[in-house]
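Visitor: Before anything else, here's the structure in question.
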Number of protein chains: 4
Amino acid sequence: MNAFRRAGLTLGRIPAGPRGAITDVPGVRVGHCTLCEGEGERAIRTGITAIVPPGDPYAAPCAAGVFVLHGHGKAVGLWQVQDVGELETPILLTNTLAVYVCAEALLTWTLTRHPKARSINPVVLECNDGRLSAIELRPVRLEHALRALEAAGEEVAEGCVGAGTGMIAFGYKSGIGTASRVVGPFTLGVLALPNMGRPEDFVPPSPAPPQGVGTGVAAPSPSSEGGGSLIVVLATDAPLLPGQLGRLCRRAALGAARTGAPADTGSGDFFLAFSTALRFPRDAERVSTELIPDRSRLLGGLYRAAAEATQEAIYSALLAATPLAGREGTSPPVFRVNR
Amino acid sequence: MNAFRRAGLTLGRIPAGPRGAITDVPGVRVGHCTLCEGEGERAIRTGITAIVPPGDPYAAPCAAGVFVLHGHGKAVGLWQVQDVGELETPILLTNTLAVYVCAEALLTWTLTRHPKARSINPVVLECNDGRLSAIELRPVRLEHALRALEAAGEEVAEGCVGAGTGMIAFGYKSGIGTASRVVGPFTLGVLALPNMGRPEDFVPPSPAPPQGVGTGVAAPSPSSEGGGSLIVVLATDAPLLPGQLGRLCRRAALGAARTGAPADTGSGDFFLAFSTALRFPRDAERVSTELIPDRSRLLGGLYRAAAEATQEAIYSALLAATPLAGREGTSPPVFRVNR
Amino acid sequence: MNAFRRAGLTLGRIPAGPRGAITDVPGVRVGHCTLCEGEGERAIRTGITAIVPPGDPYAAPCAAGVFVLHGHGKAVGLWQVQDVGELETPILLTNTLAVYVCAEALLTWTLTRHPKARSINPVVLECNDGRLSAIELRPVRLEHALRALEAAGEEVAEGCVGAGTGMIAFGYKSGIGTASRVVGPFTLGVLALPNMGRPEDFVPPSPAPPQGVGTGVAAPSPSSEGGGSLIVVLATDAPLLPGQLGRLCRRAALGAARTGAPADTGSGDFFLAFSTALRFPRDAERVSTELIPDRSRLLGGLYRAAAEATQEAIYSALLAATPLAGREGTSPPVFRVNR
Amino acid sequence: MNAFRRAGLTLGRIPAGPRGAITDVPGVRVGHCTLCEGEGERAIRTGITAIVPPGDPYAAPCAAGVFVLHGHGKAVGLWQVQDVGELETPILLTNTLAVYVCAEALLTWTLTRHPKARSINPVVLECNDGRLSAIELRPVRLEHALRALEAAGEEVAEGCVGAGTGMIAFGYKSGIGTASRVVGPFTLGVLALPNMGRPEDFVPPSPAPPQGVGTGVAAPSPSSEGGGSLIVVLATDAPLLPGQLGRLCRRAALGAARTGAPADTGSGDFFLAFSTALRFPRDAERVSTELIPDRSRLLGGLYRAAAEATQEAIYSALLAATPLAGREGTSPPVFRVNR
């Protein structure tokens, strides 16, 4: 159960999966590596989160799609995903300046398994944790990213872990959040890394009243360069086409909007979806599959599920976050619902 | 004042313009032509709404941009707007099968003013009013569209007028809605034509409680082919570039999401924004202008204003709608807030 | 055999189909309606060309994709094709100001076959024949478009027929051109409507030498507003996905470039591809199919075939064109190769 | 003078700048770092090429745009360039697996100049030199990339230098090529890294006849995974908008097509253009500028110039390349024109 469900909250009409997590999609695994060292000006509060598709993504890439709500972000590997419609590595999430070392780690990870690979498209997404962490010291190393990959399992820790360690959203401490939905025979899961929004943007989950929520409302953080961003990764075992997965991502953006996500001018709001069921084995000349046409009720259900699960995953990131003092003692309040 | 403000509601932190309407943007005018005839199977409940930019849009096209949240729609003229970044005619809104006759009307309107024009890009947007209106009879004529253009003025009638006549949203009677915001020296206005969403999708405006609202909640309408769609037109006197206007449209989609707009599989959710201040006079070899860079606080304010005004305009369309019996006596309930 | 092959020319390494025409794709049919009336200032030299997919495109839409090299064009229906990835009507080609009446004709055509249809997405593409034809008189009527649809058959007339009647390319009389290629078990066909380029842009087919070709080289036409544009429609019986069909269109643009197509600032260069083999029956909840993965050699072959066939179809349009005197006696020279 | 002009060739009708190089655009500089070590299976034949905009690109980002003809490539930083329309670092070109270490170098380069930067969007483009170089050994280090940046000057070495060291195009040894055009008061420059195409795709420059060219025609290289790709960078001192720069890139693709570039299924064909004249100083709330409207003849000239200069730069890369034996002794022939 994710933190949102543990808090007794529900949202929407579509049932959640047993874990309330992206790992409800069979075979999907998540791992973290957390870096939490030092204090003051050189405090490090950052990390890496790995989302690993089932099977061998390089040998049999997953159908994948993308939507970018605002593109002020440093995502690595998205153009190939968008244009060719395939995901061929795990996905790593980290801080803004660590995406390239994480991409190197995905090269290493893939070359270890496929020593003859000459072209590899690592996918890394990021938010900027520079308000809590001395991001410019570039503390993330290749080993840290490999550790997150190795740690991948079915239990998804939420809150201040992995890439979520140093995140802030709506003035509250944020982190990693996850959620899932079951639509007919299919499962859809979401993992969110929310790092956006001012306190006044926030639309809290009902029935939590807007006033008096949380342990206190953060004073508006001074808007800093590169602040803001939201990463949402969706997985499903429905055999969706790349174009459909891109459209699924747009519905995830609707769910984010319902939490108050503003898509500010300095924000990198990236949504990536992949299917574990539609695979394109390398060197296959043909692939037989079942498709879900655009007018089917199932696709409509998956679209609504993407919005619901994204909204829930963002709330869950806030509810799972715990107090954390970062750079120069900055300590954003945590959000809790009164019951 | 739009219906939303007249109902005593407010939304967001950015001040509205004096009319609470898209016509708060200087020079922008709106006109309607309403077709309301017959009963039973052949009842006509449709119309045309015209949005006219100031000056001569053919002689001096407006910078313009587009975002399409879901593209199951019959919009005319959008590709040129999107790719070249210019709007060179008024914008007409109507029903799904009347877009082409409306485009013909814009040809006539432009050729009357520019008899030597050989290339004209009319822009027409639509929603499907086939649940209340015998759309397949194709009752809209060129004269109707010209009448909407001629009727254009600064007062914006909302609710069941013009293109809004036969619309339904969230199971309630819908129609035309409008709103505006003032950001520093600039005004941003929105006109919305909401025709999407099931009752259970609806997120009503606070403080109106979700339960007990309205004169009654419509039973879920059976989802019909082509049902659903949302059109949002934004105008501003800020000198935004085409790319910025496209990004402004994405924020309008965030505002729509906050009302519960689901972007269903059969939906055409089209957002179009134009600037009255950045014009590209035909045959000009150079244009001198002031631009607003992407990092400026003003642009951030305009982005938030687009979300707020869109959310408000959709609510205003519902609040302005009045009871109307359409095809085969179908009569959706109207939404009202209890105060 | 198309005019290009009849002239003894060949191009590329991939074999052509038996007709050298888009109708080599089984079930695809083409029809024309030509309007050639009057002289002088009011001369009409225009028409409509219909491309009809096999079967019932409304009952079982074809997978489809789009690429727009330059978007200064008035295409109708493309956004839905691009975003949803489906073609649900025949495709009509005509002049710039006749697209809307042709769209009306496709509504009529579809409603005749599906009287309960409430949402129809007609697809119409255009070039501007205003230099040879009194385009502003808007002589095309709904019946003309229906006649082109009814005339559709397997033989494809090229040159000054249908939408090609009044076209000019590279200063030469242009018209309709077609070509095909056979790639493994699949056929790919192209129909082109070239109306772009100045004489000095032209890259003639080898071995025709650049100098001394044709019956004479047109003096550069004064660049007129709305002049220029290129429409290319591709059909294939390979089960390509919408995204792959969009990428196929980009390769068609490469073939166009090799004839010298400049994509001028006033040009509408639209490429649309559809598959007759991947269909999405309306109301189907699932579709079983074979897909061709992106890395397959077959797809690479189809990409090259798209470039070759487009280049050939453009040349064939020029070679099939016959002398025609239009508006105010304008009579562009015809291009012929010396053997 | 570039290798193309030194060979006595000309192309198109628009005059070249004095150097025939991208550095004809005032202030643009180019530098290389070449890695050429070892023999046999572990031979390294790779490098980095830096393109440095004038002034401080981080303090005052350049307007920029993108076109991707086929997206099977690992470009870093393109989404932000595409969506926000700004380039804020130099551009590095390198091999497929070295993009991330080059991105790290751009972080270092920028942090050295702006120690308080927290968000930096490095731009790195790549082709795969794995046929000549032991790419999987990942020999490129951060220092190499910094060396290319430091070496940047006005003279542009072409052929087997920098990122061009290990490239092959059309079966010939390829490398770095450059070209320029002067359009009215403006200059447009191109730097190309061609690594695509089979021998039979090649369209050699006229008047060089197709037969008997070069020192020999390579036997078709077995198509290898990741083989193929084409990078084209355009610079101009015309104040083009981001959208116009993206459209400029599409014309560069037309020029590439005229050399025979096939955009194969495994190809990453990326085009990026930036303006040295339209800058968006960080923290500026307003920017005054002159724009060039879309219909202006100047823009049309710049579009044609982009096609011409790209075609020439690709030819120049081939003509400048010198014999080089790579991995396992592979030694592609060089292309020369007979005069």
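Visitor: Sticking with the crude label model, points 7 Å out along Cα→Cβ, report the distance from B:E39 to D:S288 in nm, one decimal please.
Guide: Inter-label distance under the simple model: 6.7 nm.
Visitor: Sticking with this structure for a sec: Taking all pairs of distinct Cα atoms, average 1/r, flip it, and tell me the Kirkwood hydrodynamic radius of the stretch A:73-211 in Å to one decimal place.
Guide: Kirkwood hydrodynamic radius for the stretch A:73-211: 16.8 Å.
Visitor: Still on this structure, please answer the following. Once the Cα gyration tensor of chain D is diagonalised, what are the square roots of 5 times its eigenvalues, in whole Å and ordered largest first, as equivalent ellipsoid semi-axes? Don't skip to the end; give the middle numbers.
Guide: Values: eigenvalues 175, 117, 50 Å².
Square roots of five times the eigenvalues give 30, 24, 16 Å.
Visitor: In a Gaussian network model over chain A where Cα atoms closer than 10 Å are linked, find which of A:R250, A:R282, A:R42 has the largest mean-square fluctuation.
Guide: Comparing A:R250, A:R282, A:R42 in the GNM, the peak value goes to A:R282.
Visitor: For chain B, modelled as a GNM with alpha-carbon contacts under 10 angstrom, which of B:S119, B:S267, B:S174 fluctuates the most?
Guide: Looking only at B:S119, B:S267, B:S174, the largest GNM fluctuation is found for B:S119.
Visitor: Moving on. Calculate the dipole size of the protein assembly as shown relative to its Cα centre from +1 charges on Lys and Arg beta carbons and -1 charges on Asp and Glu beta carbons; express the result in debye to the nearest 20.
Guide: 0 debye
Visitor: If I stretch the segment between A:R141 and A:R13 completely, what's the gain in nm (0.36 nm per residue apart, minus their alpha carbon distance), one decimal?
Guide: Taking 0.36 nm per residue and subtracting the Cα distance, the gain is 41.8 nm.
Visitor: With helices defined as uninterrupted DSSP H runs, which ones in chain D have an alpha carbon span along their own long axis of at least 15 Å and mean Kyte-Doolittle hydropathy of at least -0.5?
Guide: Membrane-span-like by this rule: D:99-113, D:242-259, D:297-320.
Visitor: Oh, and also: Looking at the protein assembly as shown, I'd like the Rg to Rh ratio, where Rg is from alpha-carbon atoms and Rh is Kirkwood's inverse mean 1/r.
Guide: Value, to two decimals: 0.95.
Visitor: Calculated from DSSP H runs of 4 or more alone, at -39500 (n - 2.57) each and per residue, what is the 222 nm mean residue ellipticity of chain D, nearest 500? Don't skip to the answer; put the middle values down first.
Guide: On the way: 6 runs with 77 residues, N = 339.
Rounded to the nearest 500, it is -7000 deg cm²/dmol.
Visitor: Against the 2.2 N^0.38 Å scaling, with N counting residues, where does the stretch A:148-190 land? I'd like the Cα-based Rg ratio to two decimal places.
Guide: 1.43
Visitor: R0 = 56 Å: FRET efficiency of B:R297 with D:S331, Cβ-based, nearest 0.05?
Guide: After rounding to 0.05, the efficiency reads 0.45.
Visitor: Translational diffusion coefficient of the stretch B:1-143 at 25 °C, 0.890 mPa s, Stokes-Einstein with Kirkwood Rh over Cα pairs, in µm²/s as a whole number. Kindly include the intermediate steps, with their values, before the conclusion.
Guide: On the way: Rh = 16.9 Å.
The estimated diffusion coefficient comes to 145 µm²/s.
Visitor: Can you pull the percent of Cα pairs in the stretch D:228-339 with separation above 21 Å?
Guide: Roughly 50 percent, rounded to a whole number.
Visitor: Related question: For the stretch B:142-157 and the stretch B:253-305, write down the distance between their C-alpha centroids in whole Å.
Guide: 24 Å
Visitor: Projecting each Cα onto the charge dipole of chain D (Lys/Arg +1, Asp/Glu -1 at the beta carbon, about the Cα centre), which of D:L69, D:L11, D:L324 comes out farthest on the positive side?
Guide: D:L11
Visitor: Counting only other chains, what is the mean number of Cβ atoms within 10 angstrom of the Cβ of each residue in peptide B:262-274?
Guide: Details: counts 6, 9, 5, 15, 5, 2, 6, 2, 1, 0, 0, 0, 0.
Taking the mean over all residues of the peptide, I get 4.
Visitor: State the antiparallel share, in %, of DSSP beta bridges confined to the protein assembly as shown, rounding to the nearest 5.
Guide: In the protein assembly as shown, approximately 80 percent of DSSP beta bridges are antiparallel ones.
Visitor: Enter the mean number of other protein chain beta carbons within 10 Å of the beta carbon of each residue in C:96-109, as an integer. Can you show the working numbers first?
Guide: Working: counts 5, 9, 2, 6, 12, 4, 1, 8, 8, 1, 1, 8, 1, 0.
Counting Cβ atoms of other protein chains within 10 Å of each residue's Cβ and averaging gives 5.
Visitor: Which number do you get for Rg(Cα) / (2.2 N^0.38 Å) in the stretch D:56-106?
Guide: Taking N as the residue count of the stretch D:56-106, the ratio is 1.17.
Visitor: What list of ³J(HN,Hα) couplings, whole Hz, do you get for the stretch B:323-338 from phi and the Karplus terms 6.51, -1.76, 1.60, once you set θ to phi - 60° and write x for glycine and proline?
Guide: x, 8, 9, x, 2, 6, x, 3, 9, x, x, 9, 9, 9, 8, 8
Visitor: Moving on. Of B:K116/C:K173; B:K74/C:K116; A:K74/D:K116; A:K173/D:K116, which sit over 21 Å apart, Cα to Cα?
Guide: B:K116/C:K173; A:K173/D:K116
Visitor: Just tell me how shielded C:233-246 is by partners: mean number of partner chain Cβ atoms within 10 Å of each residue's Cβ, no decimals.
Guide: Rounded to a whole number, the mean comes out at 2.
Visitor: Compute from the Cα atoms of the stretch D:90-170 the Rg and the Dmax, the latter being the longest Cα-Cα distance, and quote both in angstrom.
Guide: 13.4, 46
Visitor: Find the all-direction average of the projected area of the Cα convex hull for the stretch B:22-86, expressing the result in square nanometres with one decimal place.
Guide: The number I arrive at for the stretch B:22-86 is 6.6 nm².
Visitor: How high is the relative contact order of chain B? Use alpha-carbon pairs under 8 Å, at least six apart in sequence, and give a whole percent.
Guide: Relative contact order here is 27 percent.
Visitor: In a GNM of chain D with a 10 Å cut-off on Cα contacts, which of D:I51, D:I22, D:I292 has the highest mean-square fluctuation?
Guide: Highest fluctuation of the listed residues: D:I292.
Computed from the coordinates by the stated procedures, all read-outs in this text should not be read as laboratory data. Every value quoted in this text rests on a predicted model; they were computed, and no experiment measured them. Here the Cβ is made from the backbone with ideal geometry for all residues, glycine too, and neighbour counts use every protein chain on show.
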